[in-house]
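For reference, the structure is listed below as structure tokens.
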Amino acid sequence: MDVSASGLTQAALAVSGAQTTQAVQVSVLKKALNIEAAGAQALLQALPQPAPQLPLATQGNLGTQLNVMA
């Protein structure tokens, strides 16, 4: 089996270049995910806070099982 040095060098450079490209792509993906997470967090913080729940009545026939407001 005849393997030339230039062939091995080219193969090593191709693998190294592919690894570098993949590392850059992963880095860009991580940055994009961080930006998207920050945007989602800002949207969640912009939502209005829900009104506090009123307690159920403790006496009588009405309002002891279901709290309904108009």
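The values are calculated or read from the model by the stated rules, or taken from the named source; none is laboratory data. This one's a predicted model, so the numbers in the text were calculated from it and none came from an experiment. Heads up, the Cβs are rebuilt from the backbone with ideal geometry, glycines too, and the neighbour counts pull from every protein chain shown.
Some notes on this structure:
- Scanning segment 41-56 for residues that are in a helix (DSSP H, G or I) and surrounded by 10 or more Cβ atoms within 10 Å (Cβ to Cβ) yields a total of 1.
- Of all residues in segment 13-70 being hydroxyl-bearing (Ser, Thr, Tyr) and over 29 Å from the mean Cα position of the chain (by Cα), the one that is modelled with the highest pLDDT: 16
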